[in-house]
Amino acid sequence: MDGAWCIPGLIDLHVHSCLNPRARSFSTSRAESKESVLNCALDNLKTALASGITTVRDCGACPGDAFLLREHIRKRQHEFPTIYVCGNIVTYPSGHLCDWGFQAHGKEAIMRAVVANAAAGADFIKVTSDPRDMEARDRTPDPSYSLADLTVLVDTSHKHGLSVACHTYPSIVGVQRAVMAGVDTLEHAVPLDESTFRLLAESHSLIVPTIVAALDEFPLAEVERTIGFGPKLFRSFCGLNRVCCLDRQAVSEVPESIREWLASIRVGLPQALSGNIQIGIGTDAGLPGTDFNSALREMFALVAFGAPPLRALQAATLVPARALRLDRSLGYIKKGFHADILCLESNPLEDITAVTRPIGVVKAGHLTRSKINHKQHT
């Protein structure tokens, strides 16, 4: 590779492959044909692979869409990232993303939902357990799934060899219940406090903060003001392929819950980093404004909040591989592992923005993108 710096292919633990990041608004209904949805998803995954993201975990789609996508690319593994899908989301009646899954009330119904997903071929289980009013209107602090409910879901999933991703927002009680129940990943994972950090430190759970999904809700000037990045750092951040197709005009348009989310990230994430809480990269790519190369910005945001570059690289490689239970085949450059490799022109341990300048992407042993005249090495 002509002296390239090589790292394992990147892993994005939280995407919605079948959504269009350039849509004006988010919808849980399939407004277009399955063919159109599939073509959009394939374009999304091509964007991801071109930026060095060789594995994605799809955290929800209209029923059947992600399975169809996974099957479509199964025999074209070097053309797209490998995709792991959750099947139907498990949620409470009328709950968050209920159009995308099973509305399960009570332990028996929860168990049936998990078993049905396992039988359908789901790679993991996604559950949403935040308050019913997830948009934070008249919010109550009590999540809809009890600790006992979540424990049944986790135990049943693990018995079927499936890990559990839990949407934990915006209730701190929901975050804590998810950790105590033994979920594998906490999606969004806000708000956080000292008691939650103690729980996380004693658990195997890791957080997937999806920082860019919060940042992308705001005009750039508001991001700079709220996050407090210095001018030089902020300019670097803005240069990392933020989707500008949606014009974020007014802060007043941003829901209060999202403002609280951003404020929680600003306070909680540096604390999580200093406390050595396990963090994996995830972006919520597919939501309006968040494109499928955003894992690069997520890595940069971790560094901006205090992570050493090595930790940001681990958060995008070996940590997600463990979350997927695939750390014997993914997340490392090692004999016998999948040949998913990102080749860079400079050392990312010295400058994390090096990940935005790939000179080669190797997927399943195939050089899919390269600035190198590889013919001379044939």
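Brief remarks follow.
- Any chance SER329 is part of a loop (DSSP other than H, G, I, E, B), modelled with pLDDT of 90 or more, touching a His at 6+ places or on another chain (Cβ under 6 Å) and surrounded by fewer than 16 Cβ atoms within 10 Å (Cβ to Cβ): yes
- Among the residues making up the stretch 54-65, those that are in contact (Cβ under 8 Å) with a residue 40 or more places away in the chain and under 25 Å from THR128 (Cα atoms) are THR55, VAL56, ARG57, ASP58, CYS59, GLY60, ALA61, CYS62, ASP65.
- Test result for ARG76, at pLDDT below 95, part of a loop (DSSP other than H, G, I, E, B), touching an Asp or Glu at 6+ places or on another chain (Cβ under 9 Å) and among the basic types (Lys, Arg): no
- Filter pass, THR156 being hydroxyl-bearing (Ser, Thr, Tyr), modelled with pLDDT of 95 or more and surrounded by fewer than 24 Cβ atoms within 10 Å (Cβ to Cβ): yes
- Count of residues meeting criterion [under 30 Å from GLN314 (Cβ atoms), in contact (Cβ under 8 Å) with a residue 12 or more places away in the chain and not in a strand (DSSP E or B)] in the stretch 1-53: 20
- Qualifying residue in the stretch 94-108 (condition: part of a helix (DSSP H, G or I), under 22 Å from HIS160 (Cβ atoms) and under 18 Å from the mean Cα position of the chain (by Cα)): yes
- Taken over the stretch 327-336, residues that are in contact (Cβ under 8 Å) with a residue 24 or more places away in the chain and under 12 Å from THR55 (Cβ atoms) amount to 2.
- LEU246 being aliphatic (A, V, I, L, M) and either modelled with pLDDT of 75 or more or assigned to a strand (DSSP E or B) (or both): no
The values are calculated or read from the model by the stated rules, or taken from the named source; none is laboratory data. None of these values were measured; they are calculated from a predicted model. Glycine gets a Cβ as well: all are built from the backbone with ideal geometry, and neighbour counts include every protein chain shown.
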